[in-house]
Amino acid sequence: MRIINPATDQLLRELEDDEISTVREKFARAKAAQRGWAATPLEQRLSLLRRFRELVISRGAALAEVLTAEVGKPIRQAQNELNGLLGRIDFFLEHVPAELADEQVLDASGIEERIAHEPLGVIANVSAWNYPYFVGANVFVPALLTGNAVLYKPSEFATLTGLEISAALHEAGVPKDVFIPVVGGGSVGALLLEEPVDGVFFTGSASTGRKIASAVAARLIRLQLELGGKDPAYVSDDVDVEAAAAGVADGAFYNAGQSCCAVERIYVHAAIWDAFVERFGAEVRGFVLGDPRDENTYIGPLTRRRAQLELLEDQVRDALSKGARLLTGGKRADRAGYFFEPTVLVDVDHTMDVMREESFGPIIGLMKVAGDEQAVELMNDTQYGLTAAVYSKQRDRAERVLRQLDVGSAYWNCCDRVSPRLPWSGRRSSGVGCTLSTYGIEAFLRPKAWHLRQP
Ligand code: NAD
């Protein structure tokens, strides 16, 4: 595997991919180790993950540099991700003990009923590159704390980060057979899924998610899919235009738009259309594109390199040919590496790919709507259902709109936001199951029902 820096197109490192024999051997090691890990006192598992958290802090600067080099994430955003990771770990450290505790639900007339919570066993985690610490930790932290062994395949675009995570977990004391990285691209991911794992936890695109669901369907194991989106934001007529434009622009362009919950479509009330478009354009023109190692850079390169540049060019071409207008951007940036100018299209509609297909890049379409009813109709006109945002001064008005949307997360006057305390889930093509919150701990457990009669 060749690891390429997307900002320079230069080779960072070459690594050996796993192959069928090494994947098998890794599965066998994890299988042999899992029961012992589950039998380890919870306090010990908690303390090892606390040590991992300490290592993330002490080597934060170096980890951010690796992330920036291989994914192209601007250095400040890489640091933000590492800081955000700490809160997620804290949530799990605090809440796993209660989720694991036995529950006595009846103790009467000589019979006791009790619910115990057992780990799934060996789980496969096939992960994405865009927030490798977040999407990785959403799975491996609760999985390990609840007593599962984890075979972790980082994305081929974030392998060095995956290996850093693995090294830090092992250094913290998590046994090497309990957390095992698997290196390679999609074909290695497919090999991993052929092993008799007890659960599959996937983060990635809807198309790969469908392949994975088909590959494991006959095995009847726990399957969780965190997939893509085409997340809408509706800006109503009663907002502070400047604040709303700044908030929505950040939600659309942070991490160069490569966030699962990035704002990907914007509907603007006709009454404020002109003012909003002007302010939004100014905001986006102010974004600094450049070397991701530079602290001032806001827009870095596209991690998926040429394939993603071509997808964005196609979306621009398609939109313009159907009558859209370019407010700013629209092409590759004139520099080495894989950069695309922050791009705003106006006068778009739902015949255009930019309003229907996940863009996953620094591009956004703005569409004028007559009011809340049309906004609801258009926001629901999608195969996806990850998040949706409404900007309005009136909370009940926003909640009325958001209640009608088939999405896993609803945002009022905010967007592109994830909280460890809340369930993270997609509907329809955005996924199955959920991570984070107490639901995201239960995902790694199976209940055992105890019926105990005194002799
Ligand atoms: P991807 O689907 O291309 O790859 C994801 C992972 O699947 C990689 O590790 C890849 O090697 C592996 N893979 C590919 N084909 C496989 C196969 N046939 N069998 C097994 N494994 C296979 O996605 P990506 O480009 O890494 O990530 C971007 C996508 O992830 C976007 O669609 C984004 O919206 C989504 N995403 C969703 C969330 C969420 O929480 N809902 C979070 C982050 C990213």
For the range 337-348, take each phi angle, set θ = phi - 60°, evaluate the Karplus expression 6.51 cos²θ - 1.76 cosθ + 1.60, and give the result in whole Hz per residue in order, putting x for glycine and proline. x, 10, 10, 10, 4, x, 10, 10, 10, 10, 6, 8
Taking Cα pairs under 8 Å and at least six residues apart, what relative contact order does the chain come out at, in percent? 19
Over the range 198-250, what relative contact order in percent results from Cα pairs under 8 Å that are six or more residues apart? 38
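Which value results when the Cα radius of gyration for the range 337-385 is divided by 2.2 N^0.38 Å?
That ratio works out to 1.29.
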As a test of understanding, state the convex hull volume per residue of the range 139-203 from its alpha carbons, in Å³. 83
Cβ crowding within 10 Å averaged over residues, with 297-305, 17-25 ranked highest first: 297-305, 17-25
Going by alpha carbons, how many degrees (0 to 90, nearest 10) lie between the helix axis of 132-145 and the longest principal axis of the chain? 20
Karplus 3J(HN,Hα) series, Hz, for the range 306-316 with 6.51 cos²θ - 1.76 cosθ + 1.60 (x for Gly, Pro): 4, 4, 6, 4, 5, 4, 5, 4, 5, 5, 5
Add -39500 (n - 2.57) for each DSSP H run of 4 or more in the chain, then divide by its residues: what number comes out at 222 nm, to the nearest 500 deg cm²/dmol? -13000 deg cm²/dmol
Scaled by the rule-of-thumb 2.2 N^0.38 Å, the alpha carbon Rg for the chain gives a ratio of 1.02
Apply the Karplus curve 6.51 cos²θ - 1.76 cosθ + 1.60, θ = phi - 60°, to the phi angles in the range 49-56 and return the couplings in whole Hz, x for Gly and Pro. 6, 5, 5, 4, 4, 4, 5, 4
Given a cut-off of under 8 Å on Cα pairs at least six residues apart, what relative contact order in percent is computed for the range 298-363? 37
Against the rule of thumb 2.2 N^0.38 Å, how large the Cα Rg of the range 203-288 comes out: 1.50
Rounded to the nearest 0.05, what FRET efficiency do Arg453 and Glu373 give with R0 = 60 Å and r taken as the Cβ-Cβ distance? Could you check? 0.50
So what's the Cα pair-distance distribution over the range 303-365, bin width 10 Å, in %? 24, 57, 18, 1
Hey, how many Å between the Cα centroid of the range 380-455 and the Cα centroid of the range 228-281? 22
List every residue whose amide H lies under 5 Å from the amide H of Glu118, counting only residues 5 or more places away in sequence or on a different chain, with H placed 1.01 Å from N in the peptide plane. Arg446, Lys448
Hypothetical label at Asn83: residues of the range 139-175 whose amide nitrogen lies under 15 Å (7 Å Cα-Cβ projection): none
For the chain, compute the number of Lys pairs whose alpha carbons are separated by less than 30 Å, excluding pairs fewer than 8 positions apart on the same chain. 28
Spelling it out for Thr328: with amide H atoms placed in the peptide plane at 1.01 Å from N, the residues 5 or more places away or on another chain with amide H under 5 Å from its amide H are Val344
Sorted by chain and then number, the residues having a modelled amide H within less than 5 Å of the amide H of Asp294, at least 5 places away or on another chain, are Ile75
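Values quoted throughout were computed directly from the atomic coordinates according to the rules given, and no laboratory measurement underlies them. Predicted, not measured: the structure shown is a model, and the values here were computed from it. So basically every Cβ, Gly included, is an ideal-geometry build from the backbone, and we count neighbours across all protein chains shown.
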